Structures are given as structure tokens and as C-alpha cells.
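Asker: I have a structure here, written as C-alpha cells, and I will follow up with some questions on it.
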Amino acid sequence: MEKEWKKQNPDGSYTVRTCGWSPPGDHPVGCGMKLTIKDGRLIKVEGDPEHPITQGRLCIRCLTLPEYVHHPQRIIYPMKRVGKRGEDKWQRISWDEAMDTIVEKINYYKENHGSESIIVFGGTGREACLYYYPLGFASIGTPNVCYPQSGWSCYGPRCAITDYILGAGYPEIDFAGHFPDRYEHSEWKVPEYIMLWGKEPLKSNPDGFFGHSIIDMMKRGSKIIMVDPRINWLCTRAEHVLQLRPGSDTALAMGLLHVIINEELYDKEFVENWCYGFEEFKERVQEYPPEKVAEITWVPKEKIIEVARVFAKAKPASLGWGLAVDQNPNGVHLGHALLALVALTGNIDVPGGITIGPPAALMGKWRMETRTNLPEELWEKRIGAKQWPAVSTALATTHPDETLDTLETGKPYKLRMGWFNSSNFISPTNSAQPDRWYRALQSLEFCVVQDLFMTPTAMAFADIFLPLPTFAEHDGVVLTHYGRNAIFAGAMNKALEVGECKSDIEVCIELGKRLYPEIWPWNSAAEFFSDQLKPELGFDFDELREKGLYQPGYTYKKYENGLLRFDGEPGFNTVTGKVELYSTLFEAWGDDPLPYHEEPPYSPYSTPDLAKEYPLVLTTGARYYTSFHSEHRQVPTLRAITPDPLVEINPDTAEELGIKEGDWVIIENMFGKARFKAQVTPTINPKVVHAAHGWWFPEKDAEEPNLFGVWESNINTLMPHKHIGKLGFGDTFKSIICRVRKAED
Amino acid sequence: MAKKGYGLLIDYEYCTGCYSCEVACKNELKLPHGKWGIKLLEERPWKINDEKWEWNYIPVPTALCNLCEDRVAEGKQPACVLHCLGQAMEYGPVEELAKKMAEKGTKVAMFVP
Ligand code: SF4
Ligand code: SF4
Ligand code: SF4
């Protein structure tokens, strides 16, 4: 890439090169683009052909960025509420006034009720994911930072499982992303097969994986195996599809392993040298013969056997595991089984297999250190940490379900102040029973919300609203996979300013300077990032801007050379030093050390009586190109493409229920109901329906009780609280029961 | 005016239905809502047999497509081609694209708008 990242154009406009993250958008994918600014307005977004990963490609969320940046409903100044909670009455204030008010409140709660009476909520995917922890620990000084999805069911479980079983950073499909010469890199190999398990990366671009890399690799010869309850577009281009019953995943994974182990298709050398507990594991898979697994999963026996064989014989083969691993109370065991699948087939840390990050995250040191701001006695008060060690060992947050209990009961202490950073969770994004959260959150006496639009959550709770800039409006560093297996670090360059917005790190610094000045020495985001980059990578933020992005490269078979362990010994950074097919930690925490299938809490098999009343299996959360969770509903071009919340329903089921394409229907169960538009399609099993998440209606009445129609199509109201696994992870978002009927109006 | 003898090749084996062509084109031609220079069409999914499905997206350039004459004159790719997530579009002389179609053999189309 050329050094010059900001260019003056002849017509008086200028163009800034940047790597995108959020807000708005998605996970840290860091797509390369050029933003053109004229008279203070973003007039053009163009993909950067020189970017090694995206090569000019952009999705429509970035192509419509100007509509988002200059949206008339955007909140671009700090606001304070002047009416009652839930009334749309606000007054513009200065940052000084906002900060003075906030600091006074924080000090008041600390003095009178203890720092732990303050809680920070964070959302998923946005840049805030890196900063809401330091905000809580080091700027505010509370041990209570919460990601409010029931059972922490997004990414966290997969990271935790990887920590415990592999002792490594996040496992990712090897798409040659670490190398500047990409697919031409001499060490890299094309995966013969790529298995995508509960994951559709084309639309989701998960965690920093540019989803259309799958297409790149297909063009180079990779074949696809899809494991998904829905036939999505990628399934139609796949070699094999295992269309399983939602929530039966662990049985299917064990069925594949049954075939691979009993037919001796596994990598004996790798098992011998680098795996712990193979004999016990082998015994366990005997409980999952393909005929039995076929009954549990609805996948034909022959398909299970065939896929097990092709996957095991492919050299190399890769696997991408999706959110379906997290959103399942049986998901820890699924994740365990899937890591065993890639380990037993010899695909860990090899070219074209699975890459794994070193034990320490790129640029993660500072984030870890911010926690030392909290004295031990305060850290001990973290909600739910003692009850759920498997969660609290890997994740520095509260336990989400315990947090709702605490809000409702005031036990072990009352929470009084809330801070919502990029989390609109009374919308159907991540909380189970958002209506219950909504009632429980009323007990907070003072709330701060950081966001870009007045969301239902902000309208309901904010006393002070702090406006966030989009990624076009601030300096930053995009770290794919949040640094846990970083493909690259990209420069996010400020191209323009809109109103008076401050980024996550700027707010951390500003607030931190007032409350803990000794740990917040920086005066700007650029200065902060230089201090993070320089010791680890040897260059500062300005140099990163000139490089555009930095790819760290990749060393394969790190376990052979002692690069995975802090002590420099060969092996994996686990208790036994090996890949734990038998988990010593799960056993210590009271769960089974070996994977097992357990029925979803509500299913045709676990609750047959209830299933008579609610005969359909409901799965949720498939992605659309037009939105990122609850974002983008107010962007006209995107909303024109996806105007309504859709439920996919099989033609036979629809006919039986008297439902036609485009009809409004009610989806309901024991816990709640939601209104959706029917999309009649054969791609879904007749006994299953799929409903979209993230819906609210920015065009509707803002005030209570309407709150932008947040309760109309809120699919998460059908999801129960605290239906989590033995170790504290998982929820029912991918598998619950429901019935569907035509709506009256 | 669109350059004569040039066209757009669409590899609909790999058109993922992402709409980037549609939106990039709309931006390029500065079109209001409800007008398109290229429009994404969908052949909705149906089953050929127990194993195989048919489900195709295909973007069709409209009368408003000028094959990005200004961009092409500056040596750039057309906006739709550059941003296409599936890298399923190509711009070029009709004869050259026809050769590529023959080479690819399946699921490929050409438009000369
Ligand atoms: S994946 Fe889409 S929204 Fe995210 S940075 Fe890339 S183009 Fe933008
Ligand atoms: S070539 Fe240009 S004008 Fe034609 S469809 Fe593509 S972007 Fe639109
Ligand atoms: S941009 Fe490419 S992949 Fe996307 S819809 Fe258009 S042709 Fe298909």
C-alpha cells in the first residue's frame, strides 16, 4: 500500500484510507476502503483494491455508510433527560457538564453504596468489546462488567472452551489471512474440505473472518460441508449438507467421531503425542452409533458415515464453528467434540487447517492490566463469579443470568447505577426475556448510555446520552478476532467529524483522567495506540496509518516448538500440556470430562407434552446482509431491501396452518410471543421455523410504552431466563419450541 | 454512453446475493430510491432431487447502466465489479468475456446493457 493515507482531490474534497470496524457494521473485519469528504460530509465510500484480504470488496452496510453517518435521527451531542424516563424529552449539554454529572454520581455511589453498586453493560461485536471492560475496571472502578446474553452465549463460550481444551487463542479457518502474499504463500495449502458448523460466514463475517474468503477458497478447489438446520444459499453450493434438528448438534458431532475412531481414520501420530484421554474418549463415542445419532438428529445414517469419512480423509480439512456452539446449553460439549474432531483428524495448527492464536492476545496486555486497578476484595464481589468458575475463569465479567437475578432481588447487593456501552439489549439482540430485564433495570437510579441513535434501550433508561462516532469519525486500531488470533491490525483513520462525538477509548481516557489519573496518562487516542503498538510491534500509530495494516505472519505447528506455552515447553497450554480429549477442568468443575449429548430444555423429545401445544421447533438469529443485530433498521437503502421481520416456514406447514407468503403471523410459546411476516420456503424442515432477530422500528413512536415498537417482533421474549448448561454457558436461542398462527390483523 | 462491444460477465455459481452491485451502482450513478442501474434478481430455492438444490441470484443491468464509462476511462473497474463480494462479475470486451464463459463452462451469463 502507498504511504499516503490522506489525499487532497482537485475539487476541494479529500480522501482518507481506512480499515472499517464499527460502529456501525460488525465484528473487527477491517475491510479496506477510501472515504471521500466534501464540505464536512462523507460523500463517497469506495473499496480499496490494495487491501490484501478484501481487495476492494465491500458489503452494503459500508456502501451505505453516508446514509448512516448523516442520518437525521442520529444523536450527535451529549444529551440529558429532562422528562420522565421513557419520555422523549432531552436537552443538549456540553461534554463538561455530562462528565461533571457522571463523576459526581460515580463518587456518590462509591461513597454510599460501594463501587460494586455500579454496573457496565456491553454489547457484541462493536469496537466497544475491547473497551467496556477497561471502562468498568479502570475508568469507573467497578468489578461488575456484564455481557447480558443468557449463558454468555456469544463467542465467550468458544473462547473459554478453546482455553480449557487447547490452551490457545481462538481457532480459525486458515484462509492465508496472516500472510501478505495470501493464497500464494508457499507454506499455505488449500483446504480440501471446509466444514461450517452452525455458521454462515458470508453474511456474518464472524470475529474478523472475512466471510467471502470461503468463496475465494472454493474457487481454488475447497469443497464445503454445511451443518445447519436451514438450507441457506451456501448449502446449495456445498458438496455435503447435514440438515440437523436444531440443538441436536453434540450428538451429530459424536456420531461423526464414532465413525472416524472406529474406522481408524484418525491421525495416530498426533493422538499419541499430543492428545490426552484418547481411550476414555474412544469409549464414550461408542454411545453414539450412527443409527442412534440419525434418530436424534434427523440426519440420515448414511450421510453421517459418508461425511465422517470424507472429512477425515481430506488433508488438510478445516472447520468453522459458529454461534450455534454458544447458544446451546449443551454447547460446551459440542465445542469440546468439535475441537476433538479437528485434533483427531490432524488439522490443528497446520496449513489449510485451523489456525490458533498464541496464549497472549495481540495488544491484550493493557486490557489485562486495567483489572489490577481493582483491589482484591472488590474483585471478589463480581456478580456470579464464585458460582460459575468455568465462566469467570475465562471471562472477566459477571455471570449474565446471575446479574438479572441480582437486579431483581437486590442480592447479594443492590445495583444502583448502570452504564450501557453499545448495547441495545431490550431489543431482541442478546438478552433472554428482554421484557423481564426491562422491568428489572427500572431499579437502576442513574443510567448512562453510549450509542449513535436513540434506541429503545436508551429511550427507556438513559439519564445521560453520550454520542459515539462511527468508524469514519475516529482514530483506532482494528484487531481481527479481538487480538486472540489476529490476522492483522489495521489503521482506522478519522476522516471527518460529525457533531461532538467521542469514541469508546476517548471516553475511557476522559473519565479515567478524572477518577484514576495515574493510570490514564494519554491525551489522545492516537497517543494511546502508539503506546500499545510500539513495545509489541516496534512501530507507532502514525506508522500503522502509513502501512495501512500490519499482518503478523503465522508459525504452524507451534506446539512442537514451545510457542504455545508461557513456559516455552512443547505442547499445549492446558493442565496436561496436551489437547484434552478428556477435560480435567470440566471434571474439576463438576461436569462430565467427556462430551455428551443432552436434549435442549424444551424440545419434542425433552418436553413431549408441551410440544403437543407447541409443535414446531424455533431457531433464531440467521444473518442478513442488511443489518448487524439491531443496527441499520433506519438506513433507507438497507430497509428497502429487508423491510420486515421474517419467519421462514415450510410450504407444507404453512398450508396446514392456512398461512400464505407475506401473511403476518404470531409466533408464541410458554414465555412470550412476537409478530412476523411469513416467508414460505422449502429450505426449512416442516417441523422447524426460523425467526430473525434484532428487530425494532425506528420509524415508530419513541415513547413508553411503545419504545419504537420494541415489543412487537421481539423474538427473544420467547426465550427463557437461565436455561444454561452445567458450567454456566449456553441458552435456547437456537432451539426452543413454539406454535405459529395467522395474525388477526 | 456505454462503451460499444463491452459487457458484464456474471458468474452466478458464485453470486452470493449480497446486493453490493446494486448499492454500489446506485451510489455511482447517484440514483434515487426506486431506480437501479443493475438489479439483483433471485430464482428462489427449489429441490432438484434429494441431494441437490437450485437457488440462483443474478444481477441484471438496466437501461441506466453506462458500464461505468467515467470510471473505466480513469482506468478503474466498474463500481459493481470492484465491490462484488463474490468476485463474480467481470467487465471487458464481449469476445474476451465469451471466451471466459466457454472456459468456465457452467453457471455463467453475460449482459451487454
Ligand atoms: S464486513 Fe461489511 S460492514 Fe464490516 S467492515 Fe466490511 S464492508 Fe464494512
Ligand atoms: S457497470 Fe457501472 S453503471 Fe453498470 S451496473 Fe455496474 S456499476 Fe452500474
Ligand atoms: S455484488 Fe456480486 S455477489 Fe453480490 S449480488 Fe452482485 S453479483 Fe452477486
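Quick note: the coordinates plus some simple rules give every number you see, no bench work behind them. Source: prediction; values computed, not measured. Backbone-built Cβ (ideal geometry, glycine too); neighbour counts: all protein chains shown.
Asker: Separation of the stretch A:390-411 and the stretch A:516-543 by C-alpha centroid, Å?
Answerer: Each part's Cα centre sits 32 Å from the other's.
Asker: What order do you get for A:391-404, A:133-146, A:534-547 when each peptide is scored by the mean count of other beta carbon atoms within 10 Å, highest first?
Answerer: A:133-146, A:391-404, A:534-547
Asker: Cross-link candidates for A:Lys219: which lysines have Cα within less than 17 Å, leaving aside residues fewer than 8 places away along the same chain?
Answerer: Excluding near neighbours in sequence, the set is A:Lys189, B:Lys100, B:Lys104, B:Lys107.
Asker: Averaged over its residues, how many other protein chain Cβ atoms are within 10 Å of peptide B:84-92's Cβ atoms?
Answerer: For this peptide, the per-residue mean of nearby foreign Cβ atoms is 4.
Asker: Have a look at A:Val241, B:Cys15, A:Ala160 and report the one farthest towards the positive end of the charge dipole of the protein assembly as shown, computed about the Cα centre with Cβ charges (Lys/Arg +1, Asp/Glu -1).
Answerer: Looking along the dipole axis, the top candidate is B:Cys15.
Asker: Using each residue's phi in the stretch A:138-145, evaluate 6.51 cos²θ - 1.76 cosθ + 1.60 at θ = phi - 60° and report the 3J(HN,Hα) Karplus result to the nearest Hz, with x for Gly and Pro.
Answerer: The phi angles translate into 10, 8, 9, x, 10, x, 9, 10 Hz.
Asker: Okay, next question. Rounded to the nearest 20 Debye, what is the dipole magnitude of the stretch A:45-149 about its Cα centre when Lys and Arg each give +1 and Asp and Glu each give -1 at the C-beta?
Answerer: With only Lys, Arg, Asp and Glu charged at Cβ, the dipole is about 420 debye.
Asker: What's the average, rounded to a whole number, of partner chain beta-carbon atoms within 10 Å of each residue's beta-carbon in A:53-59?
Answerer: 5
Asker: Another question about this same structure. Here is the link list: A:Lys677/A:Lys700; A:Lys677/B:Lys35; A:Lys315/A:Lys557; A:Lys89/A:Lys494. Which ones come out longer than 22 Å on Cα distance?
Answerer: Listed pairs above 22 Å: A:Lys677/B:Lys35; A:Lys89/A:Lys494.
Asker: With a 10 Å cut-off between alpha carbons and a GNM built on chain B, which of B:Glu22, B:Glu42, B:Glu51 moves the most?
Answerer: It is B:Glu51.
Asker: Taking the stretch A:1-44, which trypsin sites (Lys or Arg not before Pro) meet the DSSP loop condition and have no more than 14 other C-beta atoms within 10 Å?
Answerer: A:Lys3
Asker: Same structure, new question: By a straight-distance test (C-alpha under 14 Å), which aspartates and glutamates pair with A:Lys110 as possible cross-link partners, with residues fewer than eight away in the same chain excluded?
Answerer: The qualifying aspartates and glutamates are A:Glu445.
Asker: Another one. If you take the square roots of the eigenvalues of the alpha-carbon gyration tensor of the stretch A:608-742 and sort them as a ≥ b ≥ c, do you get rounded (a/c under 1.5), prolate (a/b over b/c) or oblate?
Answerer: The shape class here is oblate.
Asker: Rounded, prolate or oblate: pick one for the stretch A:685-745, where a ≥ b ≥ c are the square roots of the eigenvalues of its C-alpha gyration tensor, a/c under 1.5 means rounded, and failing that, prolate if a/b is larger than b/c, else oblate.
Answerer: Since a/c reaches 1.5 but b/c is at least a/b, the shape of the stretch A:685-745 is classed as oblate.
Asker: If you don't mind, another one. Which of A:Phe121, A:Phe446 comes first, and how do the rest follow, when ranked by fewest Cβ neighbours within 10 Å?
Answerer: Sorted ascending by nearby Cβ count, the order is A:Phe446, A:Phe121.
Asker: Specify which residue in the list A:Thr15, A:Phe121, A:Pro570 is farthest towards the positive end of the charge dipole of chain A, using unit charges on the beta carbon of Lys, Arg (+1) and Asp, Glu (-1), about the Cα centre.
Answerer: A:Thr15
Asker: Also, quick follow-up: May I ask you to derive the relative contact order of chain A, considering only C-alpha pairs under 8 Å and at least 6 residues apart, and to give it as an integer percent?
Answerer: That works out to 20 percent.
Asker: How big is the shadow of the Cα convex hull of the stretch B:6-111, averaged over all directions, in nm²?
Answerer: 7.2
Asker: Residue farthest toward the positive end of the dipole of chain B, with Cβ of Lys/Arg at +1 and Asp/Glu at -1: which of B:Gly105, B:Val72, B:Ala88?
Answerer: B:Val72
Asker: If you place +1 on the Cβ of every Lys and Arg and -1 on the Cβ of every Asp and Glu, how big does the dipole about the Cα centre of the protein assembly as shown come out, in debye to the nearest 20?
Answerer: 1420
Asker: With everything on Cα atoms, drop me the angle between helix B:94-104 and the longest principal axis of chain B, reported from 0 to 90° to the nearest 10.
Answerer: The angle comes out near 20 degrees.
Asker: Still on this structure: What size of dipole, in debye to the nearest 20, comes out for the stretch A:584-728 about its Cα centre when the only charges are +1 on Lys and Arg C-beta atoms and -1 on Asp and Glu C-beta atoms?
Answerer: Magnitude of the dipole: close to 260 debye.
Asker: Something else now. What ranking of A:Asp11, B:Asp11, A:Asp326 emerges when the number of other C-beta atoms within 10 Å of each C-beta is taken as an exposure proxy, fewest first?
Answerer: A:Asp11, B:Asp11, A:Asp326
Asker: Which GluC sites (Glu not before Pro) in the stretch A:1-92 sit in a loop by DSSP (not H, G, I, E or B) and have at most 11 other Cβ atoms within 10 Å of their own Cβ?
Answerer: When the GluC sites (Glu not before Pro) of the stretch A:1-92 are filtered for loop state and at most 11 Cβ neighbours within 10 Å, A:Glu2, A:Glu4 remain.
Asker: Can you list residues from other chains, or at least 5 along the same chain, whose modelled amide H is less than 5 Å from the amide H of A:Ser153?
Answerer: Long-range HN contacts for A:Ser153: A:Gly730.
Asker: OK, next. Just checking the output field for B:13-25: average partner chain Cβ neighbours within 10 Å of each residue's Cβ?
Answerer: Taking all residues of B:13-25 together, the mean is 6.
Asker: From the Cα gyration tensor of the protein assembly as shown, with a ≥ b ≥ c the square roots of its eigenvalues, which class applies: rounded if a/c is under 1.5, or else prolate if a/b is larger than b/c, or else oblate?
Answerer: Rounded.
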